[in-house]
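Worksheet: the structure to be examined is printed underneath.
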Amino acid sequence: MRLLAGLIALGLATQASRVQAPASIVLPVEHASNVFFARTTINGAGPFWLTIDTGATLTVIDPATATRLGLSTSDAGRRANVGVAGDSVRMVTAQSARLQVGTLPLFAPSPLYVISVRGNSGFLGHHIDGVLGVDFLRRHIVEFDYRHGRVSLRPASPIRSDPAGRPDAPSGRVAIALEGNVLVAPATLTLPDGEQVTARLLIDTGSNGALTLTSPFVSRHRLADRFQSQRASASVGINGMVFARVIELRSVAFGQAIITSPNAALSRATSGLHASADFDGIIGAELLRHFRVVIDFPRRRLALEPR
């Protein structure tokens, strides 16, 4: 055993030093309403504040930000199913924007979408100039430390199999799907009557809400008929506000990580994200904040560690 250890020490020390995990980069962020806002410069100007949003497929900036930067824009038409409301959203793109967040390498989305987001500032209690989406995050392992108000990124390492960076995988680790930059994780919902159903939930760190179940999922399981409620919630997005009845589930579980007694809004939407068939629900930071959330985008893993 000593000889083997000596051979390992002599023969593999150089290799180990080459593949050891790079240090995490702590981002310059502020934390309000359970949402993180990254201090960002664009083309050397700023600072601007962009939410770190795993529920956004693409990075966007507000029209006022584009104007301040003097970016030339092009009309990209109107698109449906962009926000929570049913109305289509006028899309505008800009070129030649380079984003710098902390000491991370420059990020140059092409094209960069220009969409009005500042209207959400009042609901989140923080100024908003744009959104950092999954196109920005997907090259990294991203850690959301809600307890300490910190977000850190690091490249995936070949010697670490655990996305949380420890030899033993946390009980809340699950495989995720990432199709078209849509981040979805499997979960088990325990309904008020005790029935357990599986659901594919969009992980949305840019939302300060709890859980919204999409209208196709609500209809498929007859949730609105089975469970009556006098409570309602409002969801605010880039294209308006929608309301939904709220029930209390017994639990939501990601592997062995369990959230007890969460509120769930039952969507009745006919269009927009809350009517999507690509996932069964959206889980926001009101519930995610109870964990240290680690998303290993390259390896498609999600780890939830209780605070």
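Quick notes
- Taken together, Ile259, Ile238, Ile283 contain a single residue that is aliphatic (A, V, I, L, M), buried (at least 17 other Cβ atoms within 10 Å of the Cβ) and either at pLDDT below 95 or assigned by TED's automatic domain parsing to the domain that holds Ile61 (or both), which is Ile238.
- Boolean, Ile295 is under 24 Å from Ser219 (Cβ atoms), assigned to a strand (DSSP E or B) and in contact (Cβ under 8 Å) with a residue 24 or more places away in the chain: no
- Tabulated pairs, region 173-197, first farther than 17 Å from Phe217 by Cβ and in the same structural domain as Arg301 (by TED's automatic domain parsing), second of a type in the set (S, T, N, Q) and surrounded by 13 or more Cβ atoms within 10 Å (Cβ to Cβ), C-beta under 6 angstrom, 6+ apart or interchain: Asn181/Thr57; Leu183/Thr54
- Members of region 176-192 found to be within 26 Å of Gln228 (Cα to Cα) and among the hydrophobic types (A, V, I, L, M, F, W, C), listed by number: Ala187, Leu189, Leu191
- Selected residue (criterion: modelled with the lowest pLDDT) from residues of region 163-180 that are assigned to a loop (DSSP other than H, G, I, E, B) and surrounded by fewer than 16 Cβ atoms within 10 Å (Cβ to Cβ): Pro167
- When Ala45, Ala38, Ala56 are screened for being at pLDDT 95 or above, buried (at least 17 other Cβ atoms within 10 Å of the Cβ) and either over 30 Å from Ala177 (Cβ atoms) or not basic (Lys, Arg) (or both), only Ala38 passes.
- A single member of Thr212, Thr270 is among the polar types (S, T, N, Q) and at pLDDT 95 or above, and it is Thr212.
- Scanning region 104-134 for residues that are surrounded by 15 or more Cβ atoms within 10 Å (Cβ to Cβ) and closer than 24 Å to Arg300 by Cα yields Leu104, Phe107, Pro109, Val131, Leu132, Gly133, Val134.
- Of the strands (runs of 3 or more DSSP E) lying entirely inside region 59-151, those containing at least 3 residues that are at pLDDT 95 or above are 99-101, 130-132, 140-145.
The values are calculated or read from the model by the stated rules, or taken from the named source; none is laboratory data. Computed from a prediction, not measured in an experiment: that's the story for all the values here. Neighbour counts run over all protein chains shown; Cβ positions are idealised from the backbone, glycine included.
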